[in-house]
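Please read the structure below before turning to the comments.
The values are calculated or read from the model by the stated rules, or taken from the named source; none is laboratory data. Just so you know, these numbers come straight off a predicted model, no measurement behind them. Backbone-built Cβ (ideal geometry, glycine too); neighbour counts: all protein chains shown. Note: accessible area is taken over every heavy atom of the protein model, side chains too, but ligands, DNA and RNA are not part of it. Shrake-Rupley method; radii C 1.70, N 1.55, O 1.52, S 1.80 Å.
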Amino acid sequence: MYNWWVFIHIIGVLGFLLAHGVSTGVALQVRRERSPERLRALLELSASTTVVFYASSFLLLLGGIAAGVDGHWFSQQAWISVALGVFAAEMVLMWAVTRPYYRRLRRVMTIEQAGGTAVGPEEIEQLVASRLPMLTFWVGTIGLVFIVYLMTLK
């Protein structure tokens, strides 16, 4: 059964990387974009991968934890617990920091599209120019590389 759990884990990893890759690409592009229509399109593209992202994250965790239990990794080696802790910490960080940023940006872009006067070009520019997406990009990348290191080089 161990091999099936590893298979499920790898399928989850692939889905996670594909779905999250879209959001990462959007994060990198948003900082350079100034057209409100294109910003809204980028934000919609990122939001469209949410279901795949969470489903893949579930498979990634299910398969990884089950393979770890089945293979007795938790009792024999600490690397799997460290990798799980890093993944959990990154998920919490991204949810707590990145999610509010994109919610605010989406809200501002919706108000702008409706012709509201509550936000102006300065607020949009300030949000778009934020360094937060790059910070979370690097934290996520370093965390992912560290998890791969733990899994392969233990």
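First select every other residue whose beta carbon is under 13 angstrom from the beta carbon of G25; then total the charges, Lys and Arg +1, Asp and Glu -1.
In short, +1.
Please give the per residue accessible area of the chain, computed with a probe of 1.4 Å over protein heavy atoms only, in Å².
Each residue of the chain exposes 61 Å² on average to a 1.4 Å probe.
Taking the Cα centre of the chain as origin and charging only Cβ (+1 Lys, Arg; -1 Asp, Glu), how large is the dipole, in debye to the nearest 20?
Here the chain has a charge dipole of around 140 debye.
Taking all protein chains as present, what is the carbon and sulfur share of the accessible area of the range 83-154, in % to the nearest whole number, probe 1.4 Å? Display every interim value, and only then the final one.
Working: 3110 of 4550 Å².
C and S atoms contribute 68 percent here.
Per the helix-only calculation at 222 nm, which mean residue ellipticity applies to the chain, given -39500 (n - 2.57) for every DSSP H run of n ≥ 4 and division by its residues, nearest 500 deg cm²/dmol?
Value at 222 nm, helices only, nearest 500: -27000 deg cm²/dmol.
Based on the inverse mean of 1/r over its pairs of different Cα atoms, what is the Kirkwood hydrodynamic radius of the chain, in Å?
17.1 Å
Report the one residue of V30, S81, V148 whose Cα lies farthest in the direction of the positive end of the charge dipole of the chain (charges on C-beta: Lys and Arg +1, Asp and Glu -1; origin at the Cα centre).
V30
Along the positive direction of the dipole of the chain (beta-carbon charges: Lys, Arg +1; Asp, Glu -1; about the Cα centre), which of V128, F7, G71 reaches farthest?
Final value for the positive-end residue is V128.
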